[in-house]
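These notes concern the structure reproduced below.
A short reminder: the numbers here are calculations on the coordinates, not readings from a lab. Fair warning: this is a prediction, and the values are worked out from it, not measured in the lab. Here the Cβ is made from the backbone with ideal geometry for all residues, glycine too, and neighbour counts use every protein chain on show.
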Amino acid sequence: MASKPKRTAPDRSSPSSEPGAPPPDGEKPVFDQTTPEPEREAPVSVPTTPKSGGTSRWLQGARIAPAPVTGNETVRELIDSTFLAYNAARLREAAQLLSGRILREGVTVGVSLSGALTPAGLGGSCLIPLIENGFVDWISTTGANLYHDAHFALDLDLHRGSPHTPDPELRRDGVIRIYDVLFTYEVLLETDRFFRTMAAAEEFGRSMSSAEFHHLVGKYLTARAEALGTGSRSILVSAYEHGVPVYTPSPGDSSIWMNMARLALEGGGPAVDVSADVNETAAIVYGAKAKGERSAVLVLGGGAPKNFVLQTEPQIQEVLGLEEAGHDYFVQITDARPDTGGLSGATPSEAMTWGKIDPDALSDTVVCYTDTTIALPLLTSYLLAACDPRPPARLYDRRSELLTGLKAAFRARQTEEEREDS
């Protein structure tokens with residue numbers, strides 16, 4: 001930066017005789033119009049701001065100089081042109097990473113869902129369109145999201161309300177509240193009856209992966225939705241139709257399995273094989289990477305669903321001893337802080353130390369700190385406008401094939417280790 005010129009100070013060696021000097025004590029000042037003005041200071045040279053970063057490597061980003069918003073912009077145009085800083089910029093980066101690199105041929109996309117997303121309507125508004133366009137290949141979510149997802153297929157009403165409604169009065173009137181979503185207690189009872197009646201069928205009376213359980217649920221919900229004329233308003237219905245496997249890392253932590261537990265007391269009902277879940281999800285990721293393709297994770301929220309999509313890589317590397325580097329792409333929408341040590345707020349860089357993210361892929365990771373109910377509709381609109389539909393991978397139909405490939409690689413690794421030890 002250019003240095004400022006020194007200011008020129010007036011000569012104060014003989015102030016009493018200098019024009020404009022203060023009069024001696026006791027005399028009134030005389031304002032003589034012919035008195036010359038004091039010498040002006042030299043103008044200060046102010047450096048101008050360059051319009052580009054010049055040679056500085058820190059200033060190579062695009063200049064922040066957006067055009068005024070007119071109201072005629074599409075969502076994609078608005079995000080690209082005005083989401084320029086802070087978490088708006090992270091959302092733009094997420095949208096551009098998803099559209100530019102992830103939603104392409106040869107990338108397997110796992111999506112994790114946590115928080116009460118389905119009661120807020122995000123299943124029908126966002127997740128179903130993403131599934132239908134081939135943008136979701138497999139899902140990890142809470143059982144609660146799937147339980148509330150079933151309300152829509154069963155044509156049960158949920159209503160917008162206020163978070164400030166008096167809760168004792170709601171309890172008295174038989175109304176359930178999820179922050180500002182309200183519905184009657186009967187919605188729970190109707191959904192409970194559906195799950196218990198369905199799971200009493202003979203095909204449920206065995207151990208299975210949670211993906212297989214949810215696929216069967218999707219089949220029954222599809223039949224009920226067709227009978228009611230509700231259409232594909234359910235994630236499980238859409239996943240069933242498009243062959244998207246849906247896993248629940250903590251099945252017991254939901255109303256679905258509370259009802260399965262009642263069936264167990266009666267001597268029936270299904271059981272979830274958690275080892276099958278771990279192996280099937282690892283096989284999905286390994287199957288993509290073994291043939292030179294890539295694996296991406298879109299994390300909506302945090303919690304167990306987030307870890308379940310990410311732990312596939314440590315399962316492959318650490319536990320099975322197979323050579324791998326980590327997921328290739330990572331996008332997370334979260335409101336969780338990283339400094340509390342919780343998994344929900346853990347950054348992709350931290351995940352990299354566990355082998356969950358490829359160290360060479362950290363530049364292809366984005367974390368946006370905002371509410372999923374804000375970010376997901378914007379992302380969905382952007383992606384539907386920017387990306388061509390992908391053919392469904394139908395990974396549910398390929399579970400056996402993928403698991404066979406994982407077993408073969410693991411056995412080959414064991415044989416190699418035995419040979420090295422002998």
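Project the alpha carbons of the range 200-252 onto their principal axes and report the range along each, largest first, in whole Å.
32, 23, 19
How large is the Kirkwood hydrodynamic radius of the chain, counting all unique pairs of alpha carbons, in Å?
Answer for the chain: a Kirkwood hydrodynamic radius of 25.5 Å.
Most fluctuating residue of Thr55, Thr230, Thr191 in a GNM of the chain with Cα springs under 10 Å: which is it?
Thr55
Over 5 Å intervals from 0, what percent of Cα-Cα pairs in the range 124-173 sits in each interval?
All Cα pairs, binned at 5 Å, distribute as 4, 13, 16, 21, 18, 12, 6, 6, 3 percent.
If one puts a single equal scatterer on every Cα of the range 250-370 and applies the Debye formula without solvent, what log₁₀ I(q)/I(0) results at q = 0.20 Å⁻¹?
-1.07
Quick one: which residues, 5+ away or cross-chain, put their amide H under 5 Å from the amide H of Val366? H built at 1.01 Å from N.
Phe330, Val331, Gln332
What's the longest piece of the chain with no exposed GluC sites (Glu not before Pro), counting a site as exposed if DSSP puts it in a loop and it has at most 16 other beta carbons within 10 Å?
Segment 106-265 is the longest.
At a Cα cut-off below 12 Å, give the aspartates and glutamates reachable from Lys356, other chains included and same-chain residues fewer than 8 away excluded.
Leaving aside aspartates and glutamates fewer than 8 places away in the same chain, those within reach of Lys356 are Glu313, Glu318, Glu324, Asp328.
List the trypsin sites (Lys or Arg not before Pro) within the range 163-228 that fall in a DSSP loop (any state other than H, G, I, E or B) and whose Cβ has at most 13 other Cβ atoms within 10 Å.
Counting only loop positions with at most 13 other Cβ atoms within 10 Å, the trypsin sites (Lys or Arg not before Pro) in the range 163-228 are Arg206.
Ranked highest first by average number of other Cβ atoms within 10 Å, how do 110-116, 380-386 line up?
Highest to lowest by the protection proxy: 110-116, 380-386.
Between the range 361-422 and the range 253-269, what is the C-alpha centre distance in whole Å?
With the range 361-422 and the range 253-269 each reduced to a Cα centre, they are spaced 31 Å.
With only Lys, Arg, Asp and Glu charged, each at its Cβ (+1 for the first two, -1 for the last two), find how big the charge dipole of the range 60-214 is about the Cα centre; round to the nearest 20 debye.
Dipole magnitude for the range 60-214 comes out near 600 debye.
Identify which of Leu236, Leu263, Leu216 has the largest mean-square fluctuation in a Gaussian network model of the chain, with springs joining Cα atoms closer than 10 Å.
Result for the chain, Cα springs under 10 Å: Leu263 fluctuates most.
Percent antiparallel among DSSP beta bridges with both residues in the chain, to the nearest 5?
20 percent
Which whole-angstrom value gives the distance between the alpha carbon centres of the range 170-225 and the range 326-342?
Rounded to whole Å, the Cα centres lie 30 Å apart.
I want to verify a result. In a Gaussian network model of the chain, Cα cutoff 10 Å, which of these has the top mean-square fluctuation: Asp328, Asp371, Asp167?
Among Asp328, Asp371, Asp167, the largest mean-square fluctuation in the Gaussian network model of the chain belongs to Asp167.
Could you check the simple spin-label distance between Glu318 and Glu202, using points 7 Å along Cα→Cβ, in nm with one decimal?
The two pseudo-label positions are separated by 4.4 nm.
With +1 on each Lys and Arg Cβ and -1 on each Asp and Glu Cβ, and nothing else charged, work out how big the dipole of the chain is about its Cα centre, in Debye to the nearest 20.
480 debye
How big, on average over all directions, is the shadow cast by the Cα convex hull of the range 153-231, in nm²?
That works out to 6.6 nm², a quarter of the Cα hull's surface.
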